[in-house]
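What follows is a single structure, written as C-alpha cells, with notes after it.
The values are calculated or read from the model by the stated rules, or taken from the named source; none is laboratory data. Source: prediction; values computed, not measured. Note that each Cβ is placed from the backbone with ideal geometry, even for glycine, and that neighbours are counted across all protein chains shown. We work out accessible area using only protein heavy atoms, side chains counted, and drop any ligands, DNA or RNA first. Shrake-Rupley method; radii C 1.70, N 1.55, O 1.52, S 1.80 Å.
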Amino acid sequence: MSKQSQEHPDGVSQRAPSDHLGPDYKPTDEKPTATVSTKVSHENVTILPQTPQLIALLTMIRDKHTNRADFIFYSNRINRLLVEEALNHLPVLPHTVTTPVGRTYAGVKFEGKICGVSIMRAGEAMEQALRECCRSVRIGKILIQRDEETSKPKLFYDKLPEDIKERWVLLDPMLATGGSALMAVDVLRSKGVPESHICFLNLIASPEGAANFAQKFPNVRIVTAFVDEGLNEKNYIVPGLGDFGDRFYTL
C-alpha cells in the first residue's frame, strides 16, 4: 500500500469497517460479519445502504474467479440499484391524478429531462440499467483515457445532445483518483450544464477519489455503491475488482 492510500483524506471518518449483515429481527450472533463501505462525511456523497443483498452482489463481482456472464449479471443488478437511488435525488413537481375509481391522488412527477453521459468504455455498462428505469432516455458519450505513467486523464472525444444543459446524470463504474470524472464534469460544464444538474453514478470509489470529487465540485451529487479501502502504488482501487471494462466486455 502506498503512503497516499494509508493517509486519511479529508471527509473520511473510517476506512473498511465491518458490520453484521442480515435481517433486523435476527440476533447479532446469528448474522455474519462482512466488510462494508468506508464512511465519508461529504454531504454530496450518497452511499447505498450496505444491505446483505448489495454486499453479496459486490462479493460476486469482486471475486477473480467469477466468470464474465456472472460478472455482467451481478454488475447489472448493482447498476439498477444505483440508478434507482440516483432518481431519488432528482427534483419533482406536484402532480395530482385521478384513479380508476374516480378518486384523486396527490403525487409527484419528475422535473426535467435525463441524459445518461457514459465515460467510455466502462461507463457504457451502466446504460442498460438507466434505460430500464427511464424510457427513451438520451445517451451521451465522453472518451477519457488515463496515461498509465502519469495517471493523468486525457480527453479524446465527446458527443452530447444539443440540449444537454437541460438534462441530468453522469455514468462511470469506478472512481479511483477522480481524474477522469473531474474532466468529464468540466466537459459538461463547458456545455452549460450546471453542477447541480450532474449526478455521478459509480459502483466503487476510493476515499481519495471521492474526496477529490466532493471538494472540487461540492454541488455535484455522487451516488456510489461502495467506498473502498484506498489506492495502491499504481493508483488502482483496493481491494477493488480489477479492470471493470475488461471483465465486463472482454474477459
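Which ones in segment 86-101 are open to solvent by less than 60 Å² (accessible area, probe 1.4 Å) and at pLDDT below 95?
Result: 86, 87, 90, 91.
What's the total number of residues in segment 108-159 that are open to solvent by less than 50 Å² (accessible area, probe 1.4 Å) and touching a residue at least 60 places away in the same chain (Cβ under 8 Å)?
Selection size over segment 108-159: 6.
For segment 164-181, state whether one or more residues are at pLDDT 85 or above and either among the hydroxyl-bearing types (Ser, Thr, Tyr) or surrounded by fewer than 16 Cβ atoms within 10 Å (Cβ to Cβ) (or both).
Among the residues of segment 164-181, not one is at pLDDT 85 or above and either among the hydroxyl-bearing types (Ser, Thr, Tyr) or surrounded by fewer than 16 Cβ atoms within 10 Å (Cβ to Cβ) (or both), which makes the answer no.
If I filter segment 207-226 for residues that are buried (at least 23 other Cβ atoms within 10 Å of the Cβ) and part of a loop (DSSP other than H, G, I, E, B), do I get at least one hit?
The answer is yes, given that some residue of segment 207-226 is buried (at least 23 other Cβ atoms within 10 Å of the Cβ) and part of a loop (DSSP other than H, G, I, E, B).
I'd like the full set of residues that are over 14 Å from the mean Cα position of the chain (by Cα) and charged (D, E, K, R), limited to segment 121-143.
Hits for segment 121-143 are 121, 131, 132, 135, 138, 141.
Cβ-Cβ under 9 Å, sequence separation 6+ or interchain: first residue in segment 61-75 and touching a residue at least 12 places away in the same chain (Cβ under 8 Å), partner aliphatic (A, V, I, L, M) and loosely packed, with under 14 Cβ neighbours inside 10 Å. Which pairs?
Going by the 9 Å Cβ cut-off, the qualifying pairs are 68/251; 71/251; 74/56.
If I ask for residues that are open to solvent by 80 Å² or more (accessible area, probe 1.4 Å) and either at pLDDT 90 or above or of a type in the set (Phe, Trp, Tyr) (or both), which ones from segment 227-248 would you list?
Once the filter is applied, which keeps residues that are open to solvent by 80 Å² or more (accessible area, probe 1.4 Å) and either at pLDDT 90 or above or of a type in the set (Phe, Trp, Tyr) (or both), segment 227-248 yields 236, 239.
Is it fair to say residue 200 is farther than 20 Å from residue 39 by Cβ and either in contact (Cβ under 8 Å) with a residue 12 or more places away in the chain or surrounded by fewer than 21 Cβ atoms within 10 Å (Cβ to Cβ) (or both)?
Spelling it out, it is not the case that residue 200 is farther than 20 Å from residue 39 by Cβ and either in contact (Cβ under 8 Å) with a residue 12 or more places away in the chain or surrounded by fewer than 21 Cβ atoms within 10 Å (Cβ to Cβ) (or both).
If I go through segment 23-43 residue by residue, how many of them are open to solvent by 90 Å² or more (accessible area, probe 1.4 Å) and assigned to a helix (DSSP H, G or I)?
2
Checking the conditions here, which among 46, 59, 66 is part of a strand (DSSP E or B) and surrounded by 10 or more Cβ atoms within 10 Å (Cβ to Cβ)?
After ruling out the rest, the residue left standing is 46.
Which pairs have Cβ atoms under 7 Å, sit 6 or more apart or on different chains, and link a residue in segment 203-214 that is within 20 Å of residue 50 (Cβ to Cβ) to one that is in a helix (DSSP H, G or I)?
Close Cβ pairs satisfying both conditions: 203/78.
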